[in-house]
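A short write-up of the structure that comes next.
The values are calculated or read from the model by the stated rules, or taken from the named source; none is laboratory data. On a predicted model such as this, the values are computed, not experimentally measured, just so you know. Ideal geometry is used to build each Cβ from the backbone, glycine not excepted, and the neighbour counts take in all protein chains shown. Protein only, heavy atoms only, side chains kept; ligands, DNA and RNA dropped before computing areas. Shrake-Rupley method; radii C 1.70, N 1.55, O 1.52, S 1.80 Å.
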Amino acid sequence: MQVEEITGTQQSGQPAGSRAMSYSSGTSAIPLLGLTIGDMFDRTAAKYPDNDALIARHQNLRLTYRQLQVEVNRFARGLMKLGLEKGLRIGIWSPNNSEWVVTQFATSKIGAILVNINPAYRLSELEYALRQSGCTAVVISPQFKTSNYTEMVNKLCPELKDAQPGQLQAAKFPELRAVIRLGQERAPGMYSWNDIMNMAEGVSEEELAARQQDQEFDDPINIQYTSGTTGFPKGATLTHHNILNNGYFVAELQNITHEDRICIPVPLYHCFGMVMGNLGCITHGATMVYPTEAFEPLAVLQAVQEEKCTSLYGVPTMFIAELDHPDFSKFDLSSLRTGVMAGSPCPVEVMKKVQSLMNMKDVEICYGMTETSPVSTQTKIGTPLEKQVSTVGQVAPHVEVKIVDPSTGKVVPIGQTGELCTRGYSVMPGYWNNPDATRGAIDEAHWMHTGDLATMDDEGYVNIVGRIKDMIIRGGENVYPREVEEFLYQHPKISDVQVIGVPDQKYGEEIMAWVKLKPGETATEDELKAFCKGQIAHFKVPRYFKFTDNFPMTVTGKIQKFLMRQQSVQELGLETAAQQKMA
């Protein structure tokens, strides 16, 4: 499907000669989809029944759209037999696999709200997510990496060992009735995946169709927990309309068609995987390709080559790992033409390598957040190179963005830094059972306040310069970490770098750079300071450097700078400075 022209900044209503303000609305000749996810999936399955729908390489599984539809409908009928009514919550705690996507589409057909549980969660986090969402059932993988999910669930629900499957009565989880465990082996008190599939015989296709027709596209269908840096995570509640349209338009801007094959190494529990990946594919009849259950750079390179993927998704750290793999040059990536890089700011030098060395000339940058389904801005095919590598694009179709002064809420002039806000179909209805947090994030005019600092140019291109909380104030000077990071990326020995602020008794904050060197390289703190001297303002030159092989990050690849700060304060002995009160 060819993408229609999508306009950039709209300055309507501003008198001639007035200052241009940082506001942009995304118009499009393509209307929003007024469908539920289940109905969209069925339309695509009818249109492209023999197209490859899903390739899960680590499971040696290939399904056409017709075959995937059979699996989805069967699991949906099994869930209905289990007693899952519209609006009840069903959690999924698993890495990437075919069962994940089957569960995603099955729950959308019966109106159960899918609760995405981070595969990296430990006991307390799992307990919080299940209780806060009030899950009636949960689908779990037996284990993932070093986490034995079966044992962990039994610790939280000791009643399982004596319970009949589907009749759990757990003290900690009064609403939880059923645990569904992937795999063939049985576990006390739990259903196996095949148990639910076999229960489908008790519900007819007509009953499923009637349930599906009862869904409305504005119904909530998904809860995703945001990884909070303080306090408990908040459950962003998303509707069919939110996420189906977002996945659709992200794919539209890449010119995705039924002939494309999208490599999805990003986690499905996150919007990047389940919305931009899965929903982007099923709205266009494209193929979902899962290289393995969790990101491995070699598996990604193999999948792209062997499945002839045309599009590749990932966060910058994933692309860096792929480019740095010792066997990178041995792979034929000529099938690639596009893809999405999102999740965190992309270093300019990395973007250039992805375009040239990975053949992704039309790679696009997306910016967003879980609460906005997620994408609010995106670069487009044909975007000038300098904009492609230095911005997060223009406003997405049917979405508005503005940049405001955080202290006054007023829209700032073009080029001035402020907080990015977004409004439109993509903004969530709210946080699950958390009206106070919802009011703190979405204002009365329904603008979602992102907490990100940004600028907008006169063409509507947005540049993210940092988080409001990440901005460093050194002796009264505002320093945006990304600016320093982009400069240090130019050093020939540096593979990746993250800049943070650490407490300082004299200046309030000082600048620290965590540096990951390229394989085989060595460098010193003095060498890097000399590289900065005279090239960036003296107050932007990091006082501290830390050489590291890894950064603390979420399972989606987002750098956790708050953990870096905590660790750095301890390592540098800055506890006293951290305790001093600032005006």
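Round to a whole number: what % of the accessible area of the chain belongs to carbon and sulfur, probe 1.4 Å?
Values: 11400 of 23490 Å².
Carbon and sulfur atoms account for 49 percent of the accessible area of the chain.
Roughly how many debye, to the nearest 20, is the charge dipole of the range 425-583 about its Cα centre, given +1 on each Lys and Arg Cβ, -1 on each Asp and Glu Cβ, and no other charges?
Working: 18 positive and 23 negative charges, 87 e Å.
Dipole about the Cα centre, nearest 20: 420 debye.
Helix-derived [θ] at 222 nm for the chain: sum -39500 (n - 2.57) over DSSP H runs of at least 4, divide by residue count, nearest 500? Please list the in-between numbers first.
Values: 17 runs with 164 residues, N = 583.
Calculated at 222 nm, the ellipticity per residue is -8000 deg cm²/dmol.
What fraction of the DSSP beta bridges in the range 111-255 is antiparallel, stated in percent and rounded to the nearest 5?
For the range 111-255, the DSSP antiparallel bridge percentage is about 40.
List the lysines whose alpha-carbon lies under 17 Å from that of K155, not counting same-chain residues fewer than 8 positions away?
Within reach: K172.
Lys/Arg Cβ at +1, Asp/Glu Cβ at -1, dipole of the chain taken about the Cα centre: which of Q490, G508, Q560 is farthest positive-ward?
Checking the options against the dipole of the chain, the answer is G508.
Relative to the longest principal axis of the chain, what angle (0 to 90°, nearest 10) does the C-alpha long axis of helix 37-47 take?
80 degrees
Mind ranking 33-42, 320-329 by how tightly packed they are, going by the mean number of other C-beta atoms within 10 angstrom, highest first?
Details: 33-42: 22.0, 320-329: 15.7.
Sorting 33-42, 320-329 by mean packing, highest first, produces 33-42, 320-329.
Roughly how many whole Å is it from the C-alpha centroid of the range 458-496 to that of the range 353-385?
After rounding, the separation between the Cα centres reads 19 Å.
List the GluC sites (Glu not before Pro) within the range 519-583 that DSSP assigns to loop and that have no more than 13 neighbouring Cβ atoms inside 10 Å. The partial results should precede the final answer.
Working: sites: E521, E525, E527, E571, E575; in loops: E521.
In loop regions of the range 519-583 (DSSP not H, G, I, E or B), the sparsely surrounded GluC sites (Glu not before Pro) are E521.
Which loop-located GluC sites (Glu not before Pro) does the range 18-100 contain, where loop means any DSSP state but H, G, I, E or B and the Cβ has at most 13 other Cβ atoms within 10 Å? Display every interim value, and only then the final one.
Values: sites: E71, E85, E99; in loops: E85.
Of the GluC sites (Glu not before Pro), the ones in loops of the range 18-100 whose Cβ has at most 13 other Cβ atoms within 10 Å are E85.
Just name one of L253, V479, V401: the one whose Cα is farthest towards the positive end of the charge dipole of the chain (beta-carbon charges, Lys/Arg +1, Asp/Glu -1).
Of L253, V479, V401, it is V479.
I want the antiparallel fraction of DSSP beta bridges within the range 244-393, as a percent rounded to 5. Each step should come with its number before you reach the end.
Values: 3 of 16 bridges.
Of those bridges, close to 20 percent are antiparallel.
Any lysines with Cα under 26 Å of the K380 Cα? List them, leaving off those in the same chain fewer than 8 positions away.
By straight Cα distance, K380 reaches K308, K352, K353, K361, K402, K558.
With everything on Cα atoms, drop me the angle between helix 348-357 and the longest principal axis of the chain, reported from 0 to 90° to the nearest 10.
Taking Cα atoms only, the helix is inclined about 60 degrees.
Find the cysteines in the chain that fail to meet the 4.7 Å Cβ criterion with every other cysteine, and list them.
Lone cysteines by the Cβ rule: C135, C157, C271, C281, C346, C366, C421, C532.
Distance from the Cα centre of the range 286-321 to that of the range 94-126, in angstrom?
With the range 286-321 and the range 94-126 each reduced to a Cα centre, they are spaced 21 Å.
With point charges of +1 on the Cβ of Lys and Arg and -1 on the Cβ of Asp and Glu, referenced to the Cα centre of the chain, which listed residue (P316, I221, T146) lies farthest in the positive direction of the dipole?
Among P316, I221, T146, the one farthest towards the positive end of the dipole of the chain is T146.
Rounded to the nearest whole Å², what accessible area per residue is found for the chain with the 1.4 Å probe? Working shown, then result.
Details: 23490 Å² over 583 residues.
Per-residue accessible area for the chain comes out at 40 Å².
Using only Cα atoms, tell me the angle between helix 240-252 and the longest principal axis of the chain; keep it within 0 to 90° and round to the nearest 10.
Compared with the principal axis, the helix lies near 60 degrees.
Can you tell me the dipole magnitude for the chain around its Cα centre, using point charges on the Cβ only (Lys, Arg +1; Asp, Glu -1), in Debye to the nearest 20?
Values: 53 positive and 67 negative charges, 155 e Å.
The calculation lands at about 740 debye.
Looking at the range 468-517, which trypsin sites (Lys or Arg not before Pro) are in a loop (DSSP not H, G, I, E or B) and have at most 15 other Cβ atoms within 10 Å?
Details: sites: K469, R474, R482, K493, K506, K516; in loops: K469, K493, K506.
Qualifying residues, ordered by number: K469, K493, K506.
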